[in-house]
Amino acid sequence: LRLTGANGQRLRNVEITRWMNGPVQIVSVFRHQGVPETATLNLPQPQCVYDLKAHKDCGRQQAVSLTVTPYRALFYALSPQPLQAVELKTAPAVASGSVQQVTATSTLPEGRQAVKLQVKLPDGAVADWVDRVVVADQQGAVVDVPVAFNDPQGSWTVNATELYTGTAATVQFTVK
């Protein structure tokens, strides 16, 4: 990676950190002090770029335009292929007073995917007792969804929003 300023020269006093998550590279760009500057993050080859703070898919590109702001880190996910939502599986129905198990499985060939899991009741209200972040791998992460005896019957919806891309997977089950 190469970070250049508006003049095309290497941008100074900027810390770049990289982590690997399977085929996805997470990159942070941080300046400890100074003034905001426009810059370009040049990649060795075109990659699918995701702005993690803005929750934005920037598309496939080889150069990312950004503004380095002191004391504010920027985070990007770089992937050779477009990233997909996780796969969700659950039993089609569950009885009141029991626990429904939802399995979130990563669609990456290796590495993990972090997702925000939310459950919506039949009336559209969010079940706040199942609002959490789960890290899924290829074996899957299992989340228990408790269903009380007095919870509403009908179709419940589980949404898993992928934290790199914002793509969502959805599965429904019926409470009887």
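The values are calculated or read from the model by the stated rules, or taken from the named source; none is laboratory data. Keep in mind that what you see is a predicted model, and the values were worked out from it rather than measured. Cβ placement follows ideal geometry from the backbone for every residue including glycine, while neighbour counts extend to all protein chains displayed. Surface areas here come from the heavy atoms of the whole protein model, side chains and all, with no ligands, DNA or RNA. Shrake-Rupley method; radii C 1.70, N 1.55, O 1.52, S 1.80 Å.
When restricted to residues that are under 30 Å from residue 79 (Cα atoms), surrounded by fewer than 14 Cβ atoms within 10 Å (Cβ to Cβ) and aliphatic (A, V, I, L, M), segment 103-141 contains 2. Among residues that are more than 23 Å from residue 161 (Cβ to Cβ), touching a residue at least 12 places away in the same chain (Cβ under 8 Å) and not in a loop (DSSP other than H, G, I, E, B), residue 66 is included.
Scan segment 45-63 residue by residue and report those that are within 20 Å of residue 104 (Cβ to Cβ) and in a strand (DSSP E or B).
50
Only one of 24, 14 is modelled with pLDDT under 95, open to solvent by less than 90 Å² (accessible area, probe 1.4 Å), closer than 20 Å to residue 111 by Cα and β-branched (Val, Ile, Thr). Can you tell me which?
24
Residue 154 - would you say it is open to solvent by 30 Å² or more (accessible area, probe 1.4 Å) and on the phi > 0 side of the Ramachandran plot? Taking the combined requirement at face value, the residue does not satisfy it.
Against the numbered list (1) part of a loop (DSSP other than H, G, I, E, B); (2) closer than 23 Å to residue 80 by Cα; (3) not aromatic (Phe, Trp, Tyr), residue 114 comes up short only at (1).
For segment 47-72, enumerate the residues that are closer than 23 Å to residue 10 by Cβ and open to solvent by less than 20 Å² (accessible area, probe 1.4 Å). Those that are closer than 23 Å to residue 10 by Cβ and open to solvent by less than 20 Å² (accessible area, probe 1.4 Å): 49, 64, 66, 68, 70. Take the conditions (1) among the basic types (Lys, Arg); (2) open to solvent by 70 Å² or more (accessible area, probe 1.4 Å); (3) free of Cβ contacts under 8 Å to residues at least 60 places away in the same chain; residue 31 misses just one of them, which is (2). Of all residues in segment 120-151, exactly one satisfies the criterion of being on the phi > 0 side of the Ramachandran plot and under 18 Å from the mean Cα position of the chain (by Cα), namely 140.
Pairs meeting the criteria (first residue in segment 124-146 and over 17 Å from residue 168 (Cα atoms), second residue open to solvent by 80 Å² or more (accessible area, probe 1.4 Å) and charged (D, E, K, R), beta carbons under 8 Å, at least 6 apart or on different chains) are 138/110.
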